[in-house]
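Peer 1: Questions regarding the structure given below will be posed in turn.
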Amino acid sequence: MPLADRSAHVPVADVPDPPLAAGAPYWYWLGGRPALDLDNTLRERWNRRIECLVTPADLGGWLVAAGVLDAAPARIPRAVLDEARDLREAIDSCVEAAVAGVPPDPDAILAIDRWLILAGPRPALFLDADEQPVLAERPAADSPRRALGQIALDAAEMLGTPESRARIRICASDTCSARFYDRSPAGRRRWCSMQACGNAAKA
């Protein structure tokens, strides 16, 4: 599956009423980090709550498009899709807390932390061409759970320091709920995208 268009932001008015048959046409990549891009797979949180990880195949395609999985597995169990959505909502709970400047829900922190064991290094001992043992990193498997562990690690890195938490944003547009990471030098960005919500607000 080709990488999704990372500049795309389908306007709310162009997203049909849920449930969607497939979510891929409505993914967007404005979060600035994988954890927030995952968070944004539930669109329009303020109104229709449009689910864009509709099927297990959607999840596989999204993980590939996000660059955390090399190839989508032939089959992803429905339980893994449910787990991915649960991780997403734990991330969002922490995002909302960070934006509001209040302590996060301990259950949400625990939910993210449980995934981190899958994100760590995976050492392996191999025999090289000379039949000598070599300690190296185990090759990446096409594992959606390991990929989700990488997303959780990104969330932990984002949430784990005051400096990073201070750059978490929710788009200021009344018709957008996009979460994004403000990498601007001044740290005063208000819109998920100047081309979309920013220009609409100025108009």
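The values are calculated or read from the model by the stated rules, or taken from the named source; none is laboratory data. These figures come from a predicted structure and were not determined experimentally. As a convention, Cβ positions derive from the backbone with ideal geometry for all residues, glycine included, and neighbour counts pool all protein chains shown. With ligands, DNA and RNA removed, areas are computed over all heavy atoms of the protein, side chains included. Shrake-Rupley method; radii C 1.70, N 1.55, O 1.52, S 1.80 Å.
Peer 1: Carbon and sulfur: what percent of the chain's accessible surface (1.4 Å probe)?
Peer 2: 56 percent
Peer 1: Along the charge dipole of the chain, Cβ charges K/R +1 and D/E -1, which of Ala21, Val134, Pro104 sits furthest on the positive end?
Peer 2: Value computed over the given set: Pro104.
Peer 1: Also, I was wondering about something else. Assuming 0.36 nm per residue, please report the length gained on full extension of the stretch Ala166 to Arg114 beyond their Cα-Cα distance.
Peer 2: In short, 16.3 nm is gained.
Peer 1: Also, quick follow-up: Which angle from 0 to 90°, rounded to the nearest 10, does the C-alpha axis of helix 78-100 make with the longest principal axis of the chain?
Peer 2: Between the helix axis and the principal axis of the chain, the angle is about 50 degrees.
Peer 1: Determine the sum of side-chain charges near Gly101: Lys and Arg each +1, Asp and Glu each -1, restricted to other residues whose C-beta is under 14 angstrom from that of Gly101.
Peer 2: After counting each charged neighbour, the total is +2.
Peer 1: Before I look further, what does the chain give for accessible area per residue, probe 1.4 Å, in whole square angstrom?
Peer 2: Normalised by residue count, the accessible surface of the chain is 52 Å².
Peer 1: How far is the Cα center of the range 114-185 from the Cα center of the range 59-74, in Å?
Peer 2: 14 Å
Peer 1: Let me ask something else about it. Kindly provide the helix-only [θ] at 222 nm of the chain, computed as the sum of -39,500 (n - 2.57) over DSSP H runs of four or more divided by all residues, to the nearest 500 deg cm²/dmol?
Peer 2: Calculated mean residue ellipticity at 222 nm is -10500 deg cm²/dmol.
Peer 1: Can you give the convex hull volume of the alpha carbon atoms of the range 1-160 per residue, in Å³?
Peer 2: Taking only Cα atoms, the range 1-160 has a hull volume of 137 Å³ per residue.
Peer 1: Right, another one. Using only the Cα atoms of the range 109-203, what semi-axes does the equivalent ellipsoid have when each is the square root of 5 times a gyration tensor eigenvalue? Give whole Å, largest first.
Peer 2: For the range 109-203, the ellipsoid semi-axes come out as 41, 15, 13 Å.
Peer 1: Once both axes come from the Cα atoms, what is the angle between helix 56-65 and the longest principal axis of the chain, in degrees from 0 to 90, rounded to 10?
Peer 2: Value to nearest ten degrees: 90.
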